[in-house]
1. Does V118 count as among the hydrophobic types (A, V, I, L, M, F, W, C), surrounded by 11 or more Cβ atoms within 10 Å (Cβ to Cβ), in a loop (DSSP other than H, G, I, E, B) and touching a residue at least 12 places away in the same chain (Cβ under 8 Å)?
2. Under the condition of being over 16 Å from the mean Cα position of the chain (by Cα) and part of a strand (DSSP E or B), which residue from segment 175-189 is nearest to L99 (Cα to Cα)?
3. Look through V118, V114, V79, V35 and report the one residue that is over 20 Å from R184 (Cα atoms) and not acidic (D, E).
4. Just to check your reading of the model, which residue among D62, D33, D88 is among the charged types (D, E, K, R) and more than 26 Å from G176 (Cβ to Cβ)?
5. Against the condition assigned to a strand (DSSP E or B), under 25 Å from V18 (Cα atoms), touching a residue at least 12 places away in the same chain (Cβ under 8 Å) and touching a Leu at 6+ places or on another chain (Cβ under 9 Å), how does L172 come out, does it pass?
Amino acid sequence: MRPDGRPNGPNRPQAARVFFALWPDDAALDVLDRVAREGASRFGGNATRRETQHLTLAFLGDVPLDRLPALNEAAGRVVAPAFAFTLDRLGYWRHNRILWAGCSGNEPALAGLVRRLVGELQAVGARVDGGSRPFVPHVTLVRKVRENPLALPDLPAVRWTCHEFVLLRSRLSAAGAAYETLGRWPLAH
């Protein structure tokens, strides 16, 4: 038995690495992809691939496959309006060498969606990674940055309109992560 109470080895249930996220619309994606490529060129590292750029709402990690229906049901109970928000600043996390795009101000509709989603997930016993920490909305642009960016360039304001959120399964390989959509939930209009 592992310290977290889950079985070891062959008795361990099959699991999926999952998270809830927002996908950028095409206009936001155009800007984010360009900034990611420019950042990788300027500071070194690996730009995130266009098809994988997203904003994580709740990361759950490895979840037994038989728990996925409960996550879908919890997400289906989330009621939140469609909204727009703005990514308008670049940031750098030295500890994991990531260049990211984020929000300089409070985004109440985005924070409300996260609060409702995390609440529903916790109600079905899901463990949300960082669920007790304040939510920091961001999109990872460059991983493994080689040069510590002392001064970051300005990020052109990226207006992002959200009409749905998704549950994604991450499959890691030498080529990077690939995402499979396991569920979609519309936001009210």
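1. So V118 fails the test.
2. P186
3. Checking each option against the conditions leaves just V35.
4. Within the list D62, D33, D88, the selection yields D88.
5. Against the criterion (assigned to a strand (DSSP E or B), under 25 Å from V18 (Cα atoms), touching a residue at least 12 places away in the same chain (Cβ under 8 Å) and touching a Leu at 6+ places or on another chain (Cβ under 9 Å)), L172 does not qualify.
Every number here is computed from the coordinates shown, using simple stated rules; none is lab data. Please read all numbers here as calculations on a predicted model, not as lab measurements. Here Cβ is always computed from backbone atoms with ideal geometry, including for glycine, and neighbour counts include all displayed protein chains.
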